[in-house]
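See below for the structure under consideration.
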Amino acid sequence: MLDGNITTTIIPVNQDGTFQVTLDSPKTALLSRNFSSAIVVQYPSPPDHFTVMLNATSGEAVVTGSGRTAASLLAHLHDAGTYPTTQADYLEQGITAAGNSDTIYFLNGVDAWITIDPVGPVQPGALTVRGSTSLPAGTPLSITVITVNTHPTPKNYDFSHEIAEGNAVVSSGIQAVNQYSGIIDTSRLNTGKYHIIVETRDENLQANAMSSVDIIATLHSNTKNGNYINWSGLSLPTLVVNVTLSPVMLEGEWRIVPPGTQVTNNEVPYGSIIDCAPDGICRIYNPSGIQFLAVYDSNEAHSIEVPNGAMVDSGTVGNVTLVKLGGEVILTKIDEYPRAS
């Protein structure tokens, strides 16, 4: 744990590949409220090419390794002025450079609990966030609503379309269960999936909670004015709209997968055509032009995960992205819907 001291332990791995380590109350009570502590899970277990062990005599960390890497890491880990996350970065670089794998988990000390009442899909506007907490009455809270999906944005992008912030104050409840409520202005947020983060603004108390909400803007009635598309430069079948398909929220960024392997609604088979129209709906068609899905043009719809070896052509026929694999077009994405700037 990197919070000024380093201790190590060997954790047995179960037959199913899982492991578990339990931090008891005395250990968690020592977690810093001002700095992050880190648990570094290293595989293979030490001794190996690279590891950090505790010298029982001196009480200091000892980096086992060779050459300048170990000496450099040791110097940084003993530097009391280095922020714990920076110490973890040095550890991670050394572990991976040695050919081992690692996972780092950051922990903060917690003084109280916070819950967030569920919030259903809402339109941009005034979002009320409320819940319960064991924090004392009068404790100030910050409330942040931030996009789940980070995605490509234009130059000089206005991120008020992706994040909104507000405040609340804990009020008295009954039986040590207090309440809070805050109203967040989400009127500028784009359609998408968002985290709701509630945390204390009192430096002497550490508490936080996270929930989620789908924000869905009102669909546009104007279905003609959109981004420029060079339709004559596209080789498309006749696109047949299925008016019975109601739009749903994408579960994540687009992923192009072989036919028959789709699991979630953001996975589209090779050859699909996505037309994000001026009305704020993305309609997805098969290679024959038959629509099989409709989704909201959300933050998630602005990113595409492509297969290894794929080539991306963007802009040669207007606001259209063509993804090719082995010389074949495996996705055509047409962006008629004008994005916020």
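Derivation of every value follows stated rules applied to the coordinates shown; laboratory data play no part. Quantities reported herein were computed from a predicted structural model and do not represent experimental measurements. All Cβ positions, even for glycine, are placed from backbone atoms using ideal geometry, and neighbour counts span all protein chains on display.
Some observations on this one:
- Karplus-derived 3J(HN,Hα) values for the range 289-295, using 6.51 cos²θ - 1.76 cosθ + 1.60 with θ = phi - 60°, are x, 8, 6, 10, 7, 9, 9 Hz; glycine and proline are entered as x.
- Gaussian network model of the chain, springs between alpha carbon atoms under 10 Å - residue of Glu253, Glu267, Glu203 with greatest fluctuation: Glu203
- Under the Debye formula (equal points on every Cα, no solvent term), log10 I(q)/I(0) of the range 126-215 at q = 0.13, 0.21, 0.23, 0.25 Å⁻¹: -0.46, -0.96, -1.08, -1.21
- Extended-chain gain in nm, criterion 0.36 nm per residue less alpha-carbon gap, Lys155 and Gln179: 4.5 nm
- Here the calculated FRET efficiency for Lys224 and Thr115, from their Cβ-Cβ distance with R0 = 41 Å, stands at 0.30, rounded to the nearest 0.05.
- Summing Lys and Arg as +1 and Asp and Glu as -1 over all other residues whose Cβ lies under 14 Å from the Cβ of Thr128 gives a net charge of -1.
- Placing a pseudo-label 7 Å from each Cα along the Cα-to-Cβ vector at Val240 and Ile163 gives an inter-label distance of 4.7 nm.
- Which label in [x] 59, 23, 18; [y] 35, 22, 17; [z] 45, 31, 17 gives the computed semi-axes √(5λ) of the Cα gyration tensor in Å: [z]
- Pair Ala137, Leu325: separation of 7 Å Cα→Cβ label points (nm): 6.1 nm
- Highest-first arrangement of 233-242, 290-299, where packing means the average Cβ count within 10 Å: 290-299, 233-242
- Distance (nanometres) between label positions extended 7 Å along Cα→Cβ at Thr86 and Glu305: 3.4 nm
- A Förster distance of 45 Å, applied to the separation of the beta-carbon atoms of Thr22 and His195, puts the FRET efficiency at 0.95.
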